[in-house]
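Contents: one structure, followed by commentary.
Here, each number is a calculation from the coordinates, and none is a lab measurement. A quick note: this is a predicted structure, and the numbers were derived from the prediction, not measured. Counting neighbours? That spans all protein chains shown, and the Cβs are built from the backbone with ideal geometry, glycine included.
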Amino acid sequence: MTKVREWAELIRKSTERAFYGKADVVEKLLIALLCRGHVLIEDVPGVGKTIAARAIGQSLGGTFKRIQCTPDLLPADVLGVSVYSPKTGEFAFREGPICSNVLLVDEINRATPRTQSALLEAMAENQISIDGKRVPLPDPFFLMATENPVEFEGTFPLPEAQKDRFLLALKIGYPDRRSEEEILESQRRTTHPVSDVEAVTDLPTVQEMQAAVVQVHVSPAVRGYILDLSEATRREPRLKLGISPRGSLALYKGAQALAAIRGRDYVVPEDIKEMLIPACIKRILLRSESVVKGIAEEDILRDVGDSVVVPVVKAGP
């Protein structure tokens, strides 16, 4: 998996020209891309959610488009619309921004639930339906959505079915002092640093990397570890809803990509444990009494990860 590791390092270096001090966030974005999944980035305004998504998109090549969500955004603004031509007497489909290789959906929870739901088919099946016809999306198709916490004004919480379509959910957090100093220094120019980020790969290479990740070996013991973690969340008394089979699959795929990025062709239990929170935090649901007590989903997943016995596996496939 040396090629995957070198490719990921190339993307990381390119992204860091505009997005400073968050190599772990970039790594998780690449994991989702390699798994043909999508990412939800939730955090407070101003920590670089949009910059991270733009820098990744521009580094990958292909077509990159952005949707700025507002309450008056319509599904047709996202998917496209059929336009009648008086000359031909026929309707012609005019594609929306979703028909791109990399799509940034900025502040997704400012769009209405109707518009949010328009993304479900695209995220699950890499296609959209317009006027009864199915329109395939470009390959690869990678969606990155950002959202502000639901406590902020003017937001519409994402439904459970929508959150479950994201392979990973990430938080960026505040930068350290050195990185924030770099951010300040980078603004001593007339253009934003993200405008200098250029494509360092192409679409066939992305597809090649995606195909390589599928070949990463997952031993029976590691697969059993995934199932043990999932079952533990379903028995957890503080949760109303545990990890679904789709969550187990996200954990499986995410660990394969993490191993590949780190140059291994096999998954170890530590990969599973590291991916547990980003892959599953949006797939569990707290009981009301847990919410009242101020218990966080992250705390429960950490407890689950610590309580489940980690299998001993040999190095290598």
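Rounded if a/c is under 1.5, else prolate if a/b beats b/c, else oblate: with a ≥ b ≥ c from the C-alpha gyration tensor eigenvalues square-rooted, which is the range 58-98? Each step should come with its number before you reach the end.
Numbers: a/c = 4.82, a/b = 1.57, b/c = 3.08.
Oblate.
Would you work out the relative contact order for the chain, in percent, from Cα pairs under 8 angstrom that are 6 or more residues apart? Kindly include the intermediate steps, with their values, before the conclusion.
Working: 558 pairs, mean separation 72.4, N = 317.
Answer for the chain is 23 percent.
How long is the chain along each principal axis, judged by its Cα atoms, biggest number first, in Å?
69, 42, 39
Based on the alpha-carbon gyration tensor of the range 2-183 and its eigenvalue square roots a ≥ b ≥ c, which shape applies: rounded if a/c is under 1.5, prolate if not and a/b is larger than b/c, or oblate?
Values: a/c = 2.12, a/b = 1.53, b/c = 1.39.
In terms of gyration-tensor shape, prolate.
What does the charge count around ALA221 come to, taking other residues whose C-beta lies under 15 Å from its C-beta (Lys +1, Arg +1, Asp -1, Glu -1)?
Working: positive: ARG223, LYS273, LYS314; negative: ASP228, GLU270, ASP271.
That works out to 0.
Tell me which residues come under 5 Å, amide H to amide H, from VAL135 once H is placed; ignore anything under 5 positions away on its chain.
Amide H neighbours of VAL135, under 5 Å, 5+ apart: ILE128, SER129, ILE130.
Lysines near LYS28 by alpha-carbon distance under 24 Å, same-chain residues fewer than 8 away left out - which ones?
The reachable lysines, counting only those whose Cα sits under 24 Å from LYS28, are LYS3, LYS13, LYS49, LYS65, LYS163, LYS171, LYS253, LYS273, LYS282.
Sort LEU241, LEU104 so that the residue with the fewest other Cβ atoms within 10 Å of its own Cβ comes first and the one with the most comes last. It would help to have the intermediate numbers written out before the result.
Numbers: LEU241 14, LEU104 25.
Placing the least packed residue first, the sequence is LEU241, LEU104.
Show the residues, 5+ positions off or on another chain, whose built amide H is closer than 5 Å to the amide H of TYR266.
Under 5 Å from the amide H of TYR266 lie the amide H atoms of HIS217, each far enough along the sequence or on another chain.
SER82's amide H: which non-local residues (gap 5+, or another chain) put their own amide H closer than 5 Å, with H modeled 1.01 Å from N in plane and none for Pro or chain starts?
ARG94
When the chain is treated as a GNM, springs tying every alpha-carbon pair under 10 Å, which of LYS253, LYS293, LYS163 comes out with the largest mean-square fluctuation?
LYS293
Quick one: net charge of GLU198's neighbours, Cβ under 15 Å, K/R +1, D/E -1? Write out the running numbers ahead of the final one.
Numbers: positive: ARG12, LYS13, ARG17, ARG54; negative: GLU16, ASP196, ASP202.
Spelling it out: positives minus negatives among the neighbours equals +1.
Under 8 Å for C-alpha pairs, at least 6 residues apart: give me the relative contact order for the range 2-183, rounded to a whole percent. Don't skip to the answer; put the middle values down first.
Numbers: 309 pairs, mean separation 55.9, N = 182.
Dividing the mean separation by the residue count of the range 2-183 yields 31 percent.
Measure out, as a whole number of angstrom, how far apart the alpha-carbon centroids of the range 1-46 and the range 70-93 sit.
34 Å
What are the ³J(HN,Hα) values, in whole Hz, obtained from phi via the Karplus relation 6.51 cos²θ - 1.76 cosθ + 1.60 with θ = phi - 60°, for each residue of the range 277-293 in sequence order, with x given for Gly and Pro?
Each residue of the range 277-293 in turn: 5, x, 7, 10, 5, 8, 10, 10, 10, 6, 6, 4, 5, 5, 5, 4, 6 Hz.
Using θ = phi - 60° and the Karplus form 6.51 cos²θ - 1.76 cosθ + 1.60, what ³J(HN,Hα) does each residue of the range 130-136 get, whole Hz, x for Gly and Pro?
Taking θ as phi minus 60°, the curve returns 10, 6, x, 10, 8, 10, x Hz for the range 130-136.
Hey, what do the phi angles of the range 23-29 turn into as Karplus ³J(HN,Hα) couplings, whole Hz, using 6.51/-1.76/1.60 and θ = phi - 60°, x for Gly and Pro?
4, 5, 5, 4, 4, 5, 4
Can you give the helix-only mean residue ellipticity at 222 nm for the chain, where every DSSP H stretch with n ≥ 4 adds -39500 (n - 2.57) and the sum goes over all residues, rounded to the nearest 500 deg cm²/dmol?
Values: 14 runs with 141 residues, N = 317.
Helix-only estimate at 222 nm: -13000 deg cm²/dmol.
Give me LYS282, LYS133 sorted ascending by neighbouring Cβ count inside 10 Å, so fewest comes first. Could the numbers behind the result be given before it?
On the way: LYS282 21, LYS133 9.
Ranked by crowding around the Cβ, least crowded first: LYS133, LYS282.
Counting other beta carbons within 10 Å of each Cβ, put TYR225, TYR84, TYR266 in order, fewest first. Intermediate results must be reported in sequence, preceding the final value.
Values: TYR225 24, TYR84 9, TYR266 19.
By the 10 Å Cβ count, ascending, the order reads TYR84, TYR266, TYR225.
What nm value, rounded to one decimal, do you get for the distance between ALA161 and SER82 when each label is placed 7 Å out toward the C-beta?
2.3 nm
Let me check the size of the range 216-307 from its C-alpha atoms; what are the radius of gyration and Dmax in Å?
13.4, 44
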